[in-house]
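Participant: Pasting a structure below so you can have a look.
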Amino acid sequence: MMKTAIKTLVVAVLLSTGSVGLAQDQRGERDVFRGKLFPPRVILEHQDALELSKEQYTAIRAAVVQVQADVAEHEWDLRTAYQAVLEELDNAPVDRGRVMELVDEALRAENEVKKLQVGMLLTIRSLLSEEQMAYLRELNENGSP
């Protein structure tokens, strides 16, 4: 019973710290990239007002599709690493060093995912005009996205 509770707690901690949204600060309070980088969802929701060209729309879509494919590979690594942590926690006594190595592997995979996501957001930003970014910043200030 106690072993199961500890495993559940460890997984919850790993997943909650690992799943913190890319655009949240350490406390999860606000988007640290707010007004600087713009989520594709928001851009597409406002594509008419932004007057996105067909070229912009196509390039944004391509950037999103590419990052989704790249992220999928790292998510497999992340799941594998967390599964290895769980298996290691079945041992008695638990090898703290081994668990921490496995946690490091999971965090490296998670870091790669976040870097891919930021790269995508940078690509998207480079596709937008100053006027489009100003519009998106105004949305941010009004609390829309």
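The values are calculated or read from the model by the stated rules, or taken from the named source; none is laboratory data. What you see is a predicted model, and the numbers here were worked out from it, not measured in a lab. As a convention, Cβ positions derive from the backbone with ideal geometry for all residues, glycine included, and neighbour counts pool all protein chains shown.
Participant: Please verify whether region 109-121 includes one or more residues that are assigned to a helix (DSSP H, G or I), out of contact with any helix residue (DSSP H, G or I) (no Cβ under 6 Å at 6 or more places or on another chain), surrounded by fewer than 18 Cβ atoms within 10 Å (Cβ to Cβ) and among the acidic types (Asp, Glu).
Facilitator: No; the residues of region 109-121 include none that is assigned to a helix (DSSP H, G or I), out of contact with any helix residue (DSSP H, G or I) (no Cβ under 6 Å at 6 or more places or on another chain), surrounded by fewer than 18 Cβ atoms within 10 Å (Cβ to Cβ) and among the acidic types (Asp, Glu).
Participant: Can we say Val42 is aliphatic (A, V, I, L, M), assigned to a helix (DSSP H, G or I) and at pLDDT below 95?
Facilitator: yes
Participant: Next up: Assuming Val65 fulfils every condition listed in (1) out of contact with any helix residue (DSSP H, G or I) (no Cβ under 8 Å at 6 or more places or on another chain); (2) surrounded by 12 or more Cβ atoms within 10 Å (Cβ to Cβ); (3) among the β-branched types (Val, Ile, Thr) apart from one, which condition is it?
Facilitator: All conditions pass for Val65, except number (2).
Participant: Yes or no: region 66-76 includes at least one residue that is modelled with pLDDT of 50 or more and over 23 Å from Ile124 (Cα atoms).
Facilitator: Step one: of region 66-76, the residues modelled with pLDDT of 50 or more are 66-76.
This time we only want the ones that are over 23 Å from Ile124 (Cα atoms), so: 76.
Looking through region 66-76, at least one residue is modelled with pLDDT of 50 or more and over 23 Å from Ile124 (Cα atoms).
Participant: Restricting attention to region 32-59, report how many residues are hydroxyl-bearing (Ser, Thr, Tyr) and either exposed (fewer than 15 other Cβ atoms within 10 Å of the Cβ) or over 18 Å from Gly119 (Cα atoms) (or both).
Facilitator: Selection size over region 32-59: 2.
Participant: Within region 92-108, is there a residue that is of a type in the set (D, E, K, R) and under 22 Å from Val32 (Cα atoms)?
Facilitator: yes
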